[in-house]
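Trainee: Provided herewith is a single structure, encoded as structure tokens, for subsequent inquiry.
Read-outs: derived from the displayed coordinates by stated rules, not from any lab. Note that the structure is a prediction, hence the values are computed from the model and not measured. Please note: Cβ atoms are built from the backbone with ideal geometry, for glycine as well, and neighbour counts cover all protein chains shown.
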Ligand SMILES: NC(=O)c1ccc[n+]([C@@H]2O[C@H](COP(=O)([O-])OP(=O)(O)OC[C@H]3O[C@@H](n4cnc5c(N)ncnc54)[C@H](OP(=O)(O)O)[C@@H]3O)[C@@H](O)[C@H]2O)c1
């Protein structure tokens, strides 16, 4: 019996990277896992791959930057399974640009996906969890919510906001049996980071992470599963750094 046997988990950004690793681990622990991302082909291929390995994965394509889509996806999970035990908000984008170059469109896209999307997916999932009297939400924030780094001012604003709404909702929803926490990864070797990787960034990561390397999606997934599990039954409203020690350098 896995730790998430018979649990219904929804992982946004679950087609690859940190969300992809978490979706796999929930499946390995016996969950039925709904995989959300915008690209239907990626979602369906990944869910099929996991099913071929014997796991209960289901594709749920959709855009978390659109509130109507969030409502539709939540309803689809409820129609298929009747409950949501765990929500992981891992969908996110980074537009790496200096502040003077950020456009209104950049702001809207990053805020809509990273902040508004995670907030309202939490709200819609919580409506289902309140009815059941329990649930766990894990939001994937970033070390950029704590450290000031150039060319990430909008991204950092969304992640700082995420930590704050996580604490605020933990305060509101604790009495309903819902725990909600966030995780702040340092640099993790996923597509998001590899897209902007260059020798200078490689050197920067080595210098700023006392463990001397970027993390892996699997290492973040382990922290996600911990916070979503009964092992973290008395933990809510926190932000957990999974950053190879990056935050000690601030
Ligand atoms: N990698 C790092 O170093 C790092 C560090 C700190 C925090 N984080 C955070 O960790 C999370 C995952 O990052 P990652 O590195 O794993 O990213 P990634 O490899 O780029 O994956 C991002 C995932 O989010 C999905 N996504 C993006 N926009 C979406 C939308 N509007 N609706 C639904 N799904 C959407 C993507 O699929 P589609 O594009 O097909 O929609 C993909 O599945 C993000 O929130 C990121 O900010 C990452």
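Trainee: Just one of the numbered conditions (1) under 26 Å from residue 232 (Cβ atoms); (2) within 14 Å of the ligand (Cβ to nearest atom) is not true of residue 127; which one?
Mentor: Evaluating residue 127 over (1) under 26 Å from residue 232 (Cβ atoms); (2) within 14 Å of the ligand (Cβ to nearest atom) leaves (2) as the failure.
Trainee: Additional query: What is the residue count in region 86-111 for residues that are farther than 20 Å from residue 181 by Cα and part of a helix (DSSP H, G or I)?
Mentor: Qualifying residue count for the region: 10.
Trainee: Also: Is it the case that residue 176 is farther than 17 Å from residue 152 by Cβ, away from the ligand (no atom under 12 Å from the Cβ) and in contact with a strand residue (DSSP E or B) (Cβ under 7 Å, 6 or more places away or on another chain)? Explain how you work it out, then say what you get.
Mentor: Details: farther than 17 Å from residue 152 by Cβ: yes; away from the ligand (no atom under 12 Å from the Cβ): yes; in contact with a strand residue (DSSP E or B) (Cβ under 7 Å, 6 or more places away or on another chain): no.
It is false that residue 176 is farther than 17 Å from residue 152 by Cβ, away from the ligand (no atom under 12 Å from the Cβ) and in contact with a strand residue (DSSP E or B) (Cβ under 7 Å, 6 or more places away or on another chain).
Trainee: Here's another thing I want to ask about it. Please verify whether residue 192 is in contact (Cβ under 8 Å) with a residue 24 or more places away in the chain, surrounded by fewer than 20 Cβ atoms within 10 Å (Cβ to Cβ) and within 12 Å of the ligand (Cβ to nearest atom), treating the condition exactly as stated. Spell out the reasoning first.
Mentor: Numbers: in contact (Cβ under 8 Å) with a residue 24 or more places away in the chain: yes; surrounded by fewer than 20 Cβ atoms within 10 Å (Cβ to Cβ): yes; within 12 Å of the ligand (Cβ to nearest atom): yes.
Yes.
Trainee: Just for region 195-207: of the residues that are within 12 Å of the ligand (Cβ to nearest atom) and surrounded by 13 or more Cβ atoms within 10 Å (Cβ to Cβ), which one is farthest from the chain's Cα centre (by Cα)?
Mentor: So in region 195-207, the residues within 12 Å of the ligand (Cβ to nearest atom) come out as 195-197, 201, 205.
With surrounded by 13 or more Cβ atoms within 10 Å (Cβ to Cβ) added as a condition, the list becomes 197, 201, 205.
Numbers: 197: 22, 201: 23, 205: 22 Å.
Going through the qualifying residues, I end up with 201.
Trainee: Of all residues in region 97-110, count the ones that are surrounded by fewer than 15 Cβ atoms within 10 Å (Cβ to Cβ) and within 20 Å of the chain's Cα centre (by Cα). Steps first, please.
Mentor: Step one: list which residues in region 97-110 are surrounded by fewer than 15 Cβ atoms within 10 Å (Cβ to Cβ), which gives 98-101, 103-105, 108.
So of that shortlist, the ones also within 20 Å of the chain's Cα centre (by Cα) come out as 108.
The number of residues fulfilling the criteria is 1.
Trainee: Separate question: Please go through region 71-81 and give me each residue that is in contact with a strand residue (DSSP E or B) (Cβ under 8 Å, 6 or more places away or on another chain) and more than 16 Å from the ligand (Cβ to nearest atom), ordered by number.
Mentor: 80, 81
Trainee: Answer yes or no as to whether residue 136 is touching a strand residue (DSSP E or B) at 6+ places or on another chain (Cβ under 6 Å), over 23 Å from residue 109 (Cα atoms) and more than 14 Å from the ligand (Cβ to nearest atom). Show your work before the answer.
Mentor: Numbers: touching a strand residue (DSSP E or B) at 6+ places or on another chain (Cβ under 6 Å): yes; over 23 Å from residue 109 (Cα atoms): yes; more than 14 Å from the ligand (Cβ to nearest atom): yes.
So residue 136 fits the description; yes.
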